[in-house]
Amino acid sequence: MGVLPYLVAVWIFLAGCYGLATSRNLIHAVGCLAVCQSATYVLLLAVGYRDGATAPVFSDVEPGSRPVVDPVVQALALTDVVVGATVTALLLALVVQISKRHGTVDPDELSELRG
Amino acid sequence: MSPRLRLWLVCAAGSGLAALLVAACLDLPGFGGDRHPYGDRAVDASLARRTANTVASVNFDQRAFDTLGEMSILFAAVLGCVVLLRQTRDEHRARPEPAHVDRPVRRYTLLVLPVALLTGLYVIAHGQLSPGGGFQGGVVAATSLHLLYVGADYRALERVRPIGVYEVGDALSASAYVVTGCAGVLAGTAFLANTLLPYGTFNTLSSGGTVPLLNAAIGMEVACAVVVLLARFLDQAVEIEEVRSL
């Protein structure tokens, strides 16, 4: 049980990598990249977890009355989500343009250069 | 490279990577352990500055400079999407036709839209107190506007969403963050250091020094950025048509 959450993160990351390498569709590849990224959310939140702890928000919890989970990794996970969303948006915009210019979204057919 | 060879290569490299990652995981501190030195220090620093939501304190006080970088990434990505998804010379803009919407859908969206918008603004405003903050609330507020596209049609959405205003809002709120940081420098402390304003009373809207200001700037920036981003994608889907293929 002690390492299971970390191994889940590894599994999700590798599944995403496998999808990226064998992808036949760029939109599918962008989705696989998002899967890889979600592994980092699992890893970060697993690192910050503490048994029996609550959220690090003290609006309705008396400070010091209960243990709280690590807020630093939660903030990092938030950064991760934002960066992930922007990267996905930018990549999808690129896919839209590739599809228009080349008429295909299969990465294997995108071998020729075109101005 | 043939697909079969590539699959072999992926499997070989993947199993190597998997072995390394599993070895690394076995060496990590145990899941659910009680030792979180950085977390404990972040909680102490947050309470010292009377910010109830420690995650907001980490984002907008202790790591405010990193959040500036994060905001710049968002800004740059939106800029990139605007450039990539512009109307090119061989495309023209078609007026979107009014679409038929079932009455229950229309009624439901018009009912939910103000609630969703208010929820977004609430989450932004209470970022330093309760879970949420500028990033989360900004996304909620921005997507709530797009309920109009579901409930009415694209032209109704375009009327409440003049893109130019949101692009200016995006830039203004990004500069508001930097200006708040520079105010610290002018006051004789460091860039983005939270020592400028009084910390206020714990667990009230005005607590936390500059945290609520930076949080509001981020909220506005994210809301504007998401609106601009979605507008560019919707333009591609609804309005822009290709005249001839290359």
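The values are calculated or read from the model by the stated rules, or taken from the named source; none is laboratory data. Keep in mind that this is a model prediction, so the values were computed, not measured. Quick reminder, even Gly has a Cβ in these numbers, built from the backbone with ideal geometry, and neighbours come from all protein chains shown. In case anyone asks, the SASA skips ligands and DNA or RNA and just uses the protein heavy atoms, side chains included. Shrake-Rupley method; radii C 1.70, N 1.55, O 1.52, S 1.80 Å.
Farthest toward the positive end of the dipole of chain B, out of B:GLY16, B:ILE163, B:ALA193, is the Cα of B:ILE163, where the dipole comes from beta carbon charges about the Cα centre.
For region A:9-115, the residue among A:PRO56, A:VAL105, A:THR88 whose Cα projects farthest onto the positive side of the dipole built from Cβ charges is A:VAL105.
What accessible area per residue comes out for region B:36-242, rounded to a whole number of Å², with a 1.4 Å probe?
Ligands and nucleic acids excluded, the result is 47 Å² per residue.
Both radii were evaluated on the Cα set of chain A; the Rg over Rh quotient, with Rh as the Kirkwood radius, amounts to 1.16.
The label point for B:ALA48 and the one for B:ARG89, both projected 7 Å from the Cα toward the Cβ, are 6.1 nm apart.
Inter-chain Cβ neighbour count for A:3-15, averaged per residue, equals 4 (cutoff 10 Å, partner chain atoms only). Shape summary of the protein assembly as shown, radius of gyration then Dmax from alpha carbon positions: 23.2, 68 Å. Interface between chains B and A: roughly 4400 Å² of accessible area buried, both sides summed (probe 1.4 Å, protein heavy atoms only).
Applying both filters, DSSP loop and at most 12 other Cβ atoms within 10 Å, to the chymotrypsin sites (Phe, Trp or Tyr not before Pro) of region B:1-109 eliminates every site. With the whole protein complex present, A:ILE27 retains an accessible surface near 100 Å², based on a 1.4 Å probe.
With only Cα atoms counted, region B:138-246 has Rg and Dmax values of 18.9, 64 Å.
Taking Lys and Arg as +1 and Asp and Glu as -1, the other residues whose beta-carbon sits under 9 Å from that of B:ARG93 total -3.
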